Every structure is written in C-alpha cells, then in structure tokens.
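The values are calculated or read from the model by the stated rules, or taken from the named source; none is laboratory data. Just so you know, these numbers come straight off a predicted model, no measurement behind them. With ideal geometry, Cβ positions are generated from the backbone for all residues, glycine too; neighbour counts draw on all protein chains shown.
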Ligand SMILES: NC(=O)c1ccc[n+]([C@@H]2O[C@H](COP(=O)([O-])OP(=O)(O)OC[C@H]3O[C@@H](n4cnc5c(N)ncnc54)[C@H](O)[C@@H]3O)[C@@H](O)[C@H]2O)c1
C-alpha cells in the first residue's frame, strides 16, 4: 500500500517524527564522544527520539565534525553515523543542520561559536563558553542580535545528588540556609609512572587549562540555581605539581593551577567554600560532595547520594580534648531515598534543550548564563593573583 491509498484519518494519526540535524564539533574528545555523542545524542536516536510535552516527537541526526577524517570515519562506522566532515564552514552553510554543538578544547570554542552564530545556527555548547568574560559576553550579545537560541552545559545540576538537594531546598527542609562547603577532586597522575587521566592542556594556562577555568563555571551555576547568585569570590590558586608528563610521555612544566581554594559570598547571605583539586586523594563517598547547613537541618550530597540530619536528630557534642569521643557521628545521618529514576544528566539537559528549541520556549541556561560562569572563573584568577576578595559585577546583554 502506498501513502496515497491511506484513508485520510489514518494519515492524520500517523506519528510525525521531526528529525533535527546537529553539527557535533569535537566528538573525538572525552566529553564530546562519551557524554554528548554516545550517552546523549546516539541514545536519543537509538530509542527512536523523544516525546515532547505537546505530544509531538523529535529525533536527532548527528553530523560529526573534527580535524581528523580518519578518527571521524572510525567513530561514524562504529556507531552507524552517515555524516561526517572536516569542513566546518560547509557544515554551517548547509541548512539541513539546525543546531551547532561545541565540545572543543576551550581555547578553540569562541572562534567556532562566532562562525556558527553568524550562520544563524542554534547553539549548544560545553562550558566555559570562552576564555574571557569580554569574549563570553560578546558571544551572548552576538547570539541575541542574531536571534539564535543558545544553550550551555549545566550538567552538574542534573546529578541525582544535586536533584535530591534541590528537592530538599524546595521543601523548606533547611530553614534558613547558612553555608555550603564543597569538596571536589581526586588525584590526577603526573603522567610519568602512570599515565595522567586528564588531557595535558588542562595544566597549561597558555592552552586554556587550569582548574579554576574548568570548575568555577560549574560552581557558578550550581550556586546561583540552588542558593543565590555569587556576589564575591576569594580564591587561592596553586600549582602544586609543576612537573607533569603529556600524552606522548614528554615532560612539561605545568603553568596552570591544579588546585583552587575558594570562598564565595552569595546573594541572600549564604557563604560557600569550595575546594577544587586534582592533587588530593579521595576520602569521601564521592568525587564531589556538598555539605549544606541550615537552621533546621543539614545535608551532605554527592553525585548520587544524599543524607540529612534534621535539628531534632542533632547531637550535642561538648568539646573535651582529654576524652576520646565515642559518639558515632555517621549514625546521626539518614539517607534520602531516590524515589525517581534519574537519567544521565548530559542527556537530560539535551532533551530539555531540544524541547525548548522545538517548542520555542525560554531557556535559562544560555550564553549569558555561560558568561556568568566565565566571569566567576576570571574573578577567581584575579582574586588569587591580587590576594584579595573580588566583587562580581552583574552581567547584562547590550
Ligand atoms: N561539563 C563537564 O563536566 C566537562 C568536563 C570536562 C571538560 N569539559 C569541557 O569540555 C571541553 C572539552 O574537554 P575534553 O576534556 O573533552 O577535552 P579533550 O582534549 O578530550 O577533547 C577536545 C576536543 O577538541 C579537539 N581540539 C583540540 N584542539 C583543537 C583545535 N585547536 N581546534 C579544533 N579542535 C580542537 C580535539 O580533537 C577533541 O575532539 C572543554 O571546554 C572542557 O572545559 C566539560
């Protein structure tokens, strides 16, 4: 039977699946390949797309872009992807591809985003959106002037632990929140006797590296979305390990900090302290952990887990250095149940962005939000260089 022989009502009920072409630049990288291509876009494609809140369905079609045709061909073949190219300009000129997604090294991002905005593409990008606030704001302004929708990765907000934390905050559990203490980090090998598990550019300022540029954009959106916008920062950046070995086993001198110790004052009066370190050995349940204290209760959350201690379950320790304290403090905490299925955070954000793009609804995590993350990183570096607290100015378009 051909389409033309279908009864009219059968045609009307046939599911319409709109296919959205996405240029994916930087898919050979760690984030581009695993989180964005495999865990998000291919996962969406392979399940036949997603259903939007208006009942319509969309699916995705990736176009892989990169510098090495060989690498792209390999990835394309492995995952049944038809389209790949090393010619970004040609990809941007082709109207079949509606969204430009960027997972390049930070240094290469602004140039590519400028081109994609000029080509009128919808933008979805990794953080940090640029290397300087001026450039990040310029990109946000260019996109606003061109009328293109933009999205910036805010993946940590989608971590199960942080979603549980959001639920606790929204329920009023904490009373008045006083402070947040964050610990992020793990040991990244120097690269000589064991290969490093992060790319070497992370440790070179001249290549866009440094833990402040890498992590402060994350801290910015976590803090502003959960506790209050960041109003000031005091940070100490340290290059604890200067001798490192790169992907080829060659020695190099690290120029970018591998640890940063920050204090952030938030709108509304909450104080946050966050340590970010690639030079610490883990002694916590997870690689990131936030301890939140409020007048009515406290919580400790990680990537997945969350535990709470209500004021009614709070012990009354008395400081006495002469007596060993036999109290089991761990036992005072109760686990927060999961209660819902959380999918991969990168994918969840992709799905929300696609929905917002197709339905034309507002999207909060845009290039201006990304620029605020870059501003915090820049202010953190300035604070460390000048040895003082730096106030953050509000960022506006225009
Ligand atoms: N959201 C997160 O949790 C998270 C985590 C890690 C990294 N990131 C961000 O993702 C981006 C990529 O980081 P990564 O760890 O995947 O890096 P990576 O080095 O593994 O991958 C970088 C990609 O950029 C390409 N590339 C390198 N130099 C280039 C150049 N000069 N021109 C064009 N392409 C170039 C590489 O071929 C590769 O595809 C960075 O901006 C980083 O800040 C985000």
Fill in: Any hit, the stretch 203-226, residues being assigned to a loop (DSSP other than H, G, I, E, B), touching a strand residue (DSSP E or B) at 6+ places or on another chain (Cβ under 9 Å) and within 14 Å of the ligand (Cβ to nearest atom)
yes
Practice prompt. Could you tell me whether residue 139 is outside the structural domain of residue 290 (by TED's automatic domain parsing), assigned to a helix (DSSP H, G or I), buried (at least 24 other Cβ atoms within 10 Å of the Cβ) and in contact (Cβ under 8 Å) with a residue 12 or more places away in the chain?
Written response: yes
Worksheet entry | Members of the stretch 45-85 that are within 16 Å of the ligand (Cβ to nearest atom), surrounded by 18 or more Cβ atoms within 10 Å (Cβ to Cβ) and part of a loop (DSSP other than H, G, I, E, B) | 66, 81
Worksheet item: Exactly one of (1) at pLDDT 95 or above; (2) assigned to a loop (DSSP other than H, G, I, E, B) is unmet by residue 15. Its number?
Response: (1)
Item to complete: Just need a number here: residues in the stretch 341-373 that are closer than 21 Å to residue 51 by Cα and touching a residue at least 24 places away in the same chain (Cβ under 8 Å).
Response: 17
Worksheet item: Pick from the stretch 142-162 the residues that are in a loop (DSSP other than H, G, I, E, B) and more than 14 Å from the ligand (Cβ to nearest atom): which of them is nearest to residue 367 (Cα to Cα)?
Response: 149
Discussion item. What's the number of the only condition in (1) part of a loop (DSSP other than H, G, I, E, B); (2) surrounded by fewer than 17 Cβ atoms within 10 Å (Cβ to Cβ); (3) within 12 Å of the ligand (Cβ to nearest atom) that residue 127 fails to meet?
Written reply: (2)
Worksheet item: Taking the stretch 320-337 only, how many residues are closer than 29 Å to residue 168 by Cβ and free of Cβ contacts under 8 Å to residues at least 40 places away in the same chain?
Response: 11
Worksheet item: Which condition number in (1) assigned to a helix (DSSP H, G or I); (2) within 16 Å of the ligand (Cβ to nearest atom) is the one that residue 182 fails?
Response: (1)
Discussion item. I'd like to check something: does the stretch 355-362 contain any residue that is loosely packed, with under 15 Cβ neighbours inside 10 Å, outside the structural domain of residue 39 (by TED's automatic domain parsing) and more than 22 Å from the chain's Cα centre (by Cα)?
Written reply: yes
